[in-house]
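Take this structure first; my questions come after.
The values are calculated or read from the model by the stated rules, or taken from the named source; none is laboratory data. Because the structure is predicted, anything quoted here is derived from the model rather than measured. Here the Cβ positions follow ideal geometry from the backbone for every residue, glycine too, while neighbour counts run over all protein chains shown.
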Ligand code: RNT
Ligand code: ZN
C-alpha cells in the first residue's frame, strides 16, 4: 500500500519547522555508503586457512558463514537488495579470487584477481569499490609488526603488498568510473609497556614515505589512514596512533580515517569531524559500535550514531568518505549488514530532517533555551513516515518486512552450508 497519506502529513509537519522533506530525501540520495564485505565471512577472506589475527575478533558461530566468493557475492547481493539507495563495496586484499592452483602471496596480487568483484559490482549497479590492504591473518604479521617491523624482509614484503593494493585500487576506479578509497590500517603494536615508543613509529613513517614516493594516481585513489587506540594482544601501544596519522596525513596530503571504535569510549568521535574538515578536504569514517571496547557490534540507532550522522550530513557527501566496519558472527550475517546500513541511512535522514540552519542561529545568537527545546521536540517528528516514503520510491521494504526475506534466504541457502 502506498504510504502517501502518512508522508503528506509528515511533510506538512516538517514544513512548519522550515524543513523540506523532498530536499532531505534528495540529499540522502547523494550518500553512498561503502558496505564492508568482511561482515559476511567473519573477516576470513579467501587467501588463508589460519585464524583471524591482528588484534581484531569475531565472536559467535551463527550458521551460514560465506566460505567462497560465490557465497559471499550471493549474500552481499541479498543484503544490497534490502537497503534503499545506491551504495559502494568495500573489499579487503585477502578477498582476492584465485583460479585453482594459481594463488599468489599478498605481495604479488594483481587487478586480475579482483576482476570478478568488478563484474559483481557492475552487475549490481554499485557506485564504486573501495579497498584495504590486509596486514593481518598472515605468517608475516605473526610478530605483531608489519610496516613497522625491524625485520627488513617483513617490512619490504608489506611495502610490496601496499604497492600492489594501490594498483588494484586504481583499477577499481578506472573500471567503476569512481574514485577508490584505499584505507591503510596496520595491526602493529605491543602487548606490554614499550621500552621504546619512537623506534617502531620511525620505521613505520619510513615505510609510508617509501610507499608514497613510489607514487599512485591521486585522481583515481584517495588514500586514507586509520588510527587505533589498542587491539587484543597489543593493549599497551599502537604504532599507528591518532597523533601519528593526523600529522602524517596533514604533511603528506592524505586523509584521516576515524573508526568510531578506535577512541577512548568517553571521547565523542563526532566532534572530531568539524576540526578535521578545517584542515583537510575530506574525512573518512568507519562507523562501528563499540560496546565497552572496540567490539565491532552492528550499528544501532543510538546517540553516538546520530551524533556522527549529524556531522556527516552537515559536512555533505563530497567531504566525507563513509564506510561501515563491524563484524558480528553471533547473528544472521546478512541481517547484520542490512540492519547496519539501514540504521546508518536512518541516522543520516534524521539529521537531514532537522531545521539545521535555525538551530545553528539559535546557538550563535545565544538562545540556548529554544535550542534545547527544539533539539528535544524534533526527536518526535515522524521521521519514519519520510523513511517509508523513501523506501517505497526505491522499491525496498520500509519496515521489518525485509527480515522475512532474510529468514527465507537463511532457510533456503545459509542453513544448507554445512
Ligand atoms: C581494525 C580496523 C580495521 C578492520 C578492517 C577489517 O580495528 O577497524 O578497519 O576492522 O580493516
Ligand atoms: Zn576500522
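Does residue 187 satisfy the condition of being exposed (fewer than 14 other Cβ atoms within 10 Å of the Cβ) and either under 19 Å from the mean Cα position of the chain (by Cα) or within 21 Å of residue 138 (Cα to Cα) (or both)?
no
Return yes or no: is residue 330 outside any helix (DSSP H, G or I), more than 16 Å from ligand 1 (Cβ to nearest atom) and closer than 27 Å to residue 406 by Cβ?
Yes, satisfied.
Taking the residues in region 219-234 that are within 16 Å of ligand 2 (Cβ to nearest atom) and over 21 Å from residue 276 (Cα atoms) as candidates, determine which candidate is surrounded by the fewest Cβ atoms within 10 Å (Cβ to Cβ).
232
Restricting attention to region 313-325, which residues are in contact with a helix residue (DSSP H, G or I) (Cβ under 9 Å, 6 or more places away or on another chain) and away from ligand 2 (no atom under 16 Å from the Cβ)?
Once the filter is applied, which keeps residues that are in contact with a helix residue (DSSP H, G or I) (Cβ under 9 Å, 6 or more places away or on another chain) and away from ligand 2 (no atom under 16 Å from the Cβ), region 313-325 yields 313, 314, 315, 316, 317, 319.
Still on this model: So which residues in region 57-72 are buried (at least 16 other Cβ atoms within 10 Å of the Cβ) and free of Cβ contacts under 8 Å to residues at least 40 places away in the same chain?
Scanning region 57-72 gives a single hit, 72.
What's the number of the condition residue 417 fails, among (1) touching a residue at least 24 places away in the same chain (Cβ under 8 Å); (2) surrounded by fewer than 16 Cβ atoms within 10 Å (Cβ to Cβ); (3) more than 23 Å from residue 83 (Cβ to Cβ)?
(3)
Yes/no matrix, rows are residues, columns are (1) at pLDDT below 95; (2) outside any helix (DSSP H, G or I); (3) under 22 Å from the mean Cα position of the chain (by Cα):
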| site | (1), (2), (3) |
| --- | --- |
| 99 | no, yes, no |
| 113 | no, no, no |
| 126 | no, yes, yes |
| 137 | no, yes, yes |
| 155 | no, no, no |
| 162 | no, no, yes |
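Need the failing condition index for residue 183 against (1) within 16 Å of ligand 1 (Cβ to nearest atom); (2) within 22 Å of residue 111 (Cβ to Cβ); (3) in a loop (DSSP other than H, G, I, E, B), just the number.
The single condition residue 183 does not satisfy is (3).
A further question on this structure: Looking only at region 255-272, count how many residues are in contact (Cβ under 8 Å) with a residue 40 or more places away in the chain and within 26 Å of residue 209 (Cα to Cα).
3
Right, residue 76: closer than 17 Å to residue 113 by Cβ, at pLDDT 95 or above and in a helix (DSSP H, G or I) or not?
So residue 76 does not fit the description; no.
If you check residue 31 against the conditions, is it more than 16 Å from ligand 2 (Cβ to nearest atom), crowded, with 20+ Cβ neighbours inside 10 Å, part of a loop (DSSP other than H, G, I, E, B) and at negative phi?
So residue 31 passes the test.
Test each condition in (1) at pLDDT 95 or above; (2) out of contact with any helix residue (DSSP H, G or I) (no Cβ under 6 Å at 6 or more places or on another chain); (3) surrounded by 21 or more Cβ atoms within 10 Å (Cβ to Cβ) for residue 54 and report the one that comes out false.
(1)
Going residue by residue through region 335-342, is there one that turns out to be more than 28 Å from residue 405 (Cβ to Cβ) and within 15 Å of ligand 2 (Cβ to nearest atom)?
No, there is no match, as no residue in region 335-342 is more than 28 Å from residue 405 (Cβ to Cβ) and within 15 Å of ligand 2 (Cβ to nearest atom).
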